[in-house]
Amino acid sequence: MGRVKLPIGPQHPALKEPENFTITLDGERVVDVDIRIGYTHRGIEKLMESRTYTQNLYLVERICGICSYAHVENFTQNVEEILGIQIPKRAEYIRTLFLELERLHSHFLWLGVAGHEIGFDTLFMYTWQDREVVQDLLEMISGNRVNYAMNAIGGVRRDVSVEHQKKVLQGMDYLEKRAEYYKEVAINEKTILARAENVGILKTKDALKFSAVGPTARASGITVDIRKDDPYASYLDTPFDVITTNTNDVLGRVVVRVLEIFESIKIIRYLMAHLPVGEIVTKAPRKVPEGESISHTEAPRGEDFHYLRSNGTEKPERYKVRTPTLANLPALAEMLKGTYLADVPIIVAAIDPCMGCMDRVLLLKGNEKPGELVDGERLRRYSIKWFAERGWKA
Amino acid sequence: MVCGKGVEGIDILLTLLYLFIFPGFLFLFAFSLFTEYLDRKIYARMQRRVGPPFLQPFADLVKLAAKEDVVPEKAEHFMFTAAPIIGLAAIFAAYLYLPIVSSTGLHSFNGDLVVVLYLLTIPTLALFLGGWYSGNVFGQKGGMRVASLLFSYEIPFFLALLTPALIEGSWKMADIVHFEISHPLEFIVSLLGFVIALIALQGKLERLPFDIPEAETEIVAGPLVEYSGRRLALFRLARDAEMVVGAGLLAVVFLAGPEPIVQLEPVYLSWIVGALVFLVKTLFVIFLLILMKSAVARIRTDQMISFAYKWLIPLALVQIFIAIMVRFLGGI
Amino acid sequence: MKVPGKMLPKIIGFIVRKPVTVLYPKQRLTPPETLRGKMKFHLDRCISCGLCARDCPSAACTMHEIDGKKRPVFDLDYCTFCAQCAESCPKDAIEMTSEFELAHYKKGEAIVK
């Protein structure tokens with residue numbers, strides 16, 4: 001059949017969100033990958049500039065459907081830093097609880113998706129069934145399954161009662177048992193091993209070169225975890241380990257995530273045992289003084305980075321989000337080269353992509369024709385000009 | 001047709017009944033849909049889901065048949081249309097040779113086992129042709145996969161199914177069934193062959209872990225990607241019927257099919273009893289097929305080929321060697 | 001031990017056991033009381049301050065003058081159920097209930113006054 005160009009996406013069952021991977025195939029081997037993004041761009045960053053900080057709390061949450069809380073956490077941290085507010089200790093603990101519950105449900109979800117990508121639908125059904133336990137806990141505490149709307153600027157909106165704590169601990173006992181079982185299955189099921197071992201290799205030096213983040217980097221033996229490297233919320237008080245493996249393959253990414261489930265359970269147990277008493281929110285003014293702030297958190301998929309520039313009004317002047325998926329895409333292109341077509345879905349799934357969050361488009365108002373390439377230098381000059389016109393420092 | 005009152009007239013009537021209603025095409029049609037229901041329901045229950053209602057497969061078929069039928073512009077119209085019909089026809093033809101109600105099928109002759117095996121290869125080829133002529137890159141990729149995997153399961157399937165024939169020394173399914181029922185030990189001797197045939201049948205039916213040609217997450221639906229409406233319905237029916245005929249063939253060759261026969265008057269009563277025995281055995285084989293797909297991931301093309309050549313075919317040869325030894329040493 | 005079908009022993013047991021999913025309209029699961037569902041508005045407590053409408057992120061809550069009093073009207077077609085209005089209200093005139101089955105046929109049918 002010779003060389004064939006196979007379009008994976010924008011509409012394809014392997015991708016949960018529309019993105020295009022044009023794969024050049026030689027038989028069943030992948031020769032080249034061309035990734036095109038921009039199909040689900042929603043313009044959230046721009047939209048945020050026209051909304052107040054309170055309204056933005058709920059918009060930021062909708063950047064991602066799975067790691068929604070990591071984004072809100074970043075946003076509130078940014079605003080609080082410019083305002084100079086210290087949030088109450090109890091609020092910090094509750095935020096950490098939510099961050100970890102979110103990681104739990106994201107990792108269970110990912111395990112199921114990975115199973116589905118290699119045709120293991122039974123695993124998919126079981127993990128999603130267990131994920132419901134986490135979702136129920138989140139719903140019980142916050143009032144919603146996905147967009148928890150838990151953060152306020154200066155703290156959290158809802159308290160965790162004693163009864164909630166008891167139920168959370170019960171849920172953790174159940175999930176620990178289930179995670180134990182999945183660990184057993186993942187490293188012993190022959191067909192999973194056949195599909196995951198030595199597949200999608202990302203060597204440590206390549207992971208560094210392409211700046212991979214999160215579990216993808218940790219599976220390549222890089223100890224990187226924002227929770228440890230730059231502690232936020234209450235991670236400084238909380239004992240936990242950073243999980244790494246050095247198998248560099250999809251199986252390593254499975255193992256890292258399964259073991260991180262145990263770490264999350266450990267953290268949640270600690271938080272529940274040491275929850276401080278006191279207020280959950282400090283009053284914050286509506287107007288934010290002029291300033292700049294960055295914040296990063298360890299979302300379930302990796303480092304999530306936010307930038308905020310305020311101008312003394314009720315609305316932000318500029319907001320910028322870089323989600324972990326965008327950081328992992330160059331590494332993904334490297335992983336895909338030389339693999340089998342059959343491995344493409346699981347390798348793409350192994351970085352736990354969230355296309356909607358990372359998507360971005362580029363509009364150039366010049367003489368460029370559609371599809372024309374613009375080099376980095378020209379883009380840089382364009383952005384300096386753009387900012388200079390608005391009176392910002394370059 | 002006007003029927004006389006003589007014995008001949010009844011025979012014609014019974015033949016027609018056999019051919020079109022029971023255990024002929026209508027029964028196969030109903031049983032295929034029931035099998036699909038069972039497959040989906042048990043699979044769902046294993047995954048702790050509720051599963052489809054009883055008439056769902058039938059409703060799906062009716063819905064598909066009522067849909068607009070599209071032939072893509074790039075597709076080869078004739079082959080694209082012919083492929084599902086050829087596939088279905090081959091399976092229905094193979095079905096008629098299976099001894100279902102008594103130890104002989106509609107027509108029993110020396111070598112009918114080989115004919116059934118041959119007819120069962122045709123749906124795979126039809127799938128390949130359908131995919132290849134659909135003019136879609138996913139369809140062609142799927143067709144290529146069908147063709148490249150063909151030998152990795154056909155060879156062990158043939159070898160395994162010929163074992164009982166070797167032990168008995170006949171290519172006639174009726175003889176094999178008779179022999180098995182009088183020599184129960186034969187089942188134990190050919191147990192290895194049964195397992196190999198089961199795995200190969202799973203590959204033939206393109207079910208997990210061998211559903212490589214239509215791997216949803218890789219190449220969408222493979223050869224079926226451009227099919228819609230009636231043609232897709234035919235392909236789906238062919239897939240279900242193939243499962244019934246394949247499982248039935250295993251039940252006949254390894255588990256003695258409709259035997260032991262109870263002789264009853266009138267003759268159709270003993271037919272019904274025979275068919276029930278056959279059904280139970282077929283459903284047992286189908287249940288094993290469902291179990292096999294429930295707890296595994298899909299493997300890759302290269303892994304399947306190496307699995308077939310490293311394990312299935314050598315083991316099938318060992319089985320044949322055992323069969324020859326048994327026969328050489330004077331039978332069971 | 002590394003074998004294919006590692007989960008099989010567990011899976012077989014589930015064939016005869018009750019499924020965990022339910023057929024929705026016939027069987028219903030009860031949501032927790034803390035769920036942020038359809039809101040309930042107490043007109044008598046409202047002081048027409050308009051803070052709810054000002055903070056609403058999706059313009060579901062707008063101020064209208066009805067019977068001589070300025071008051072919020074909630075259009076659930078726009079609502080994201082963040083409950084910010086309930087939090088912004090200084091008099092607790094807005095309350096979130098756990099009612100969540102809000103499907104309707106036409107735009108503008110689900111309005112809470």
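Quick check on my filter: what residues within the stretch B:10-44 are of a type in the set (Gly, Ala, Ser) and under 16 Å from the mean Cα position of the chain (by Cα)?
Just the residues of the stretch B:10-44 that are of a type in the set (Gly, Ala, Ser), to begin with: B:24, B:30, B:32, B:44.
The answer is B:Gly24, B:Ala30, B:Ser32.
Determine, yes or no, whether A:Glu49 is charged (D, E, K, R), over 17 Å from the mean Cα position of the chain (by Cα) and surrounded by 15 or more Cβ atoms within 10 Å (Cβ to Cβ).
It is false that A:Glu49 is charged (D, E, K, R), over 17 Å from the mean Cα position of the chain (by Cα) and surrounded by 15 or more Cβ atoms within 10 Å (Cβ to Cβ).
Could you say whether any residue in the stretch C:41-55 is surrounded by fewer than 18 Cβ atoms within 10 Å (Cβ to Cβ), acidic (Asp, Glu) and more than 10 Å from chain A (Cβ to nearest Cβ)?
yes
So how many residues does the stretch A:106-115 have that are surrounded by 24 or more Cβ atoms within 10 Å (Cβ to Cβ) and either within 14 Å of chain B (Cβ to nearest Cβ) or modelled with pLDDT under 90 (or both)?
3
Restricting attention to the stretch B:282-302, which residues are assigned to a helix (DSSP H, G or I), within 24 Å of the chain's Cα centre (by Cα) and within 14 Å of chain A (Cβ to nearest Cβ)?
Within the stretch B:282-302, B:Ile290, B:Leu291, B:Met292, B:Lys293, B:Ser294, B:Thr301 meet the criteria.
Counting only residues that are under 20 Å from B:Phe151 (Cβ atoms) and outside any loop (DSSP other than H, G, I, E, B), how many does the stretch B:162-207 have?
13
Conditions tested, residue by residue: (1) surrounded by fewer than 20 Cβ atoms within 10 Å (Cβ to Cβ); (2) at pLDDT below 90.
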| residue | (1), (2) |
| --- | --- |
| A:His12 | no, yes |
| A:Glu61 | no, yes |
| A:Asn78 | no, no |
| A:Pro88 | yes, no |
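If you take the residues in the stretch B:36-55 that are in a helix (DSSP H, G or I) and among the aromatic types (Phe, Trp, Tyr), which one is modelled with the lowest pLDDT?
Among those that are in a helix (DSSP H, G or I) and among the aromatic types (Phe, Trp, Tyr), it is B:Tyr43.
How many residues does the stretch A:16-28 contain that are at the interface with chain B (Cβ under 10 Å from one of its Cβ atoms) and either part of a strand (DSSP E or B) or crowded, with 20+ Cβ neighbours inside 10 Å (or both)?
The number of residues fulfilling the criteria is 1.
Checking B:Phe179 against (1) within 20 Å of the chain's Cα centre (by Cα); (2) more than 14 Å from every other protein chain (Cβ to nearest Cβ), which test does it fail?
Failed condition: (1).
Across the stretch A:221-245, what is the total count of residues that are in a loop (DSSP other than H, G, I, E, B) and either closer than 30 Å to A:Glu197 by Cβ or touching a residue at least 40 places away in the same chain (Cβ under 8 Å) (or both)?
If we filter the stretch A:221-245 for residues that are in a loop (DSSP other than H, G, I, E, B), which is where we start, we get A:221-225, A:230-245.
Retained after the next criterion (residues that are either closer than 30 Å to A:Glu197 by Cβ or touching a residue at least 40 places away in the same chain (Cβ under 8 Å) (or both)): A:221-225, A:230, A:232-235, A:238, A:240-245.
The qualifying residues number 17.
For the stretch A:67-74, check the following and say yes or no: at least one residue is part of a loop (DSSP other than H, G, I, E, B) and either in contact with a Phe, Trp or Tyr (Cβ under 6 Å, 6 or more places away or on another chain) or assigned by TED's automatic domain parsing to the domain that holds A:Gly155 (or both). Steps first, please.
Taking the stretch A:67-74 and keeping what is part of a loop (DSSP other than H, G, I, E, B), we get A:67.
From what's left, either in contact with a Phe, Trp or Tyr (Cβ under 6 Å, 6 or more places away or on another chain) or assigned by TED's automatic domain parsing to the domain that holds A:Gly155 (or both): A:67.
Yes, because at least one residue in the stretch A:67-74 is part of a loop (DSSP other than H, G, I, E, B) and either in contact with a Phe, Trp or Tyr (Cβ under 6 Å, 6 or more places away or on another chain) or assigned by TED's automatic domain parsing to the domain that holds A:Gly155 (or both).
Go through the stretch C:1-18 and give me each residue that's within 10 Å of chain A (Cβ to nearest Cβ), outside any helix (DSSP H, G or I) and surrounded by 15 or more Cβ atoms within 10 Å (Cβ to Cβ).
Across the stretch C:1-18, the qualifying residues are C:Pro4, C:Gly5, C:Lys6, C:Met7, C:Phe14.
Which of the residues belonging to the stretch A:171-196 are within 13 Å of A:Val255 (Cα to Cα), away from every other protein chain (no Cβ under 12 Å) and in contact (Cβ under 8 Å) with a residue 40 or more places away in the chain?
A:Ala179
Residue by residue, here is whether (1) closer than 30 Å to B:Phe284 by Cβ; (2) away from every other protein chain (no Cβ under 14 Å) holds:
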{"residue": "B:Lys41", "(1), (2)": "yes, no"}
{"residue": "B:Pro53", "(1), (2)": "yes, no"}
{"residue": "B:Phe80", "(1), (2)": "no, yes"}
{"residue": "B:Tyr97", "(1), (2)": "yes, yes"}
{"residue": "B:Val101", "(1), (2)": "yes, yes"}
{"residue": "B:Gly111", "(1), (2)": "yes, yes"}
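Quick one: in the stretch A:347-381, which of the residues that are at pLDDT 80 or above and acidic (Asp, Glu) is nearest to A:Val33 (Cα to Cα)?
Among those residues, the one meeting the criterion is A:Asp352.
Need pairs with beta-carbon distance below 6 Å; first residue within 12 Å of another protein chain (Cβ to nearest Cβ) and within the stretch A:50-68, second among the aromatic types (Phe, Trp, Tyr); sequence gap 6+ or separate chains.
Between residues of the stretch A:50-68 that are within 12 Å of another protein chain (Cβ to nearest Cβ) and residues that are among the aromatic types (Phe, Trp, Tyr), the close pairs are A:Val60/A:Phe75.
Would you mention how many residues in the stretch B:106-149 are part of a helix (DSSP H, G or I) and polar (S, T, N, Q)?
4
For the stretch B:106-131, which positions are over 18 Å from B:Arg239 (Cα atoms) and in contact (Cβ under 8 Å) with a residue 40 or more places away in the chain?
Once the filter is applied, which keeps residues that are over 18 Å from B:Arg239 (Cα atoms) and in contact (Cβ under 8 Å) with a residue 40 or more places away in the chain, the stretch B:106-131 yields B:Leu106, B:Ser108, B:Phe109, B:Asn110, B:Gly111, B:Asp112, B:Leu113, B:Val114.
Of all residues being facing chain C (nearest Cβ under 8 Å) and touching a His at 6+ places or on another chain (Cβ under 8 Å) in the stretch A:134-156, which is surrounded by the fewest Cβ atoms within 10 Å (Cβ to Cβ)? Just the residue, please.
Looking at residues that are facing chain C (nearest Cβ under 8 Å) and touching a His at 6+ places or on another chain (Cβ under 8 Å), I get A:Met140.
Could you run through the stretch A:264-277 and say how many residues are more than 15 Å from A:Asp237 (Cβ to Cβ) and of a type outside the set (S, T, N, Q)? Talk me through it step by step, then tell me what you get.
As a first pass, look at the stretch A:264-277 and keep what is more than 15 Å from A:Asp237 (Cβ to Cβ): A:264-265, A:277.
With of a type outside the set (S, T, N, Q) added as a condition, the list becomes A:265, A:277.
Of the residues in that region, 2 qualify.
Could you check, for the stretch A:207-218, whether at least one of its residues is without any contact (Cβ under 8 Å) to a residue 12 or more places away in the chain and within 14 Å of another protein chain (Cβ to nearest Cβ)?
Of all residues in the stretch A:207-218, those without any contact (Cβ under 8 Å) to a residue 12 or more places away in the chain come to A:209.
If we keep only those that are within 14 Å of another protein chain (Cβ to nearest Cβ) as well, we get none.
No, every residue in the stretch A:207-218 fails to be without any contact (Cβ under 8 Å) to a residue 12 or more places away in the chain and within 14 Å of another protein chain (Cβ to nearest Cβ).
Quick check on the stretch A:198-206. Is at least one of its residues of a type in the set (S, T, N, Q) and assigned to a loop (DSSP other than H, G, I, E, B)?
yes
A:Tyr93 is checked against (1) closer than 17 Å to A:Ser234 by Cβ; (2) within 14 Å of chain B (Cβ to nearest Cβ); (3) aromatic (Phe, Trp, Tyr) and fails just one. What number does that condition carry?
So the condition that A:Tyr93 fails would be (2).
The values are calculated or read from the model by the stated rules, or taken from the named source; none is laboratory data. Bear in mind that the values here come from a model prediction, so they are computed numbers and not experimental data. Counting neighbours? That spans all protein chains shown, and the Cβs are built from the backbone with ideal geometry, glycine included.
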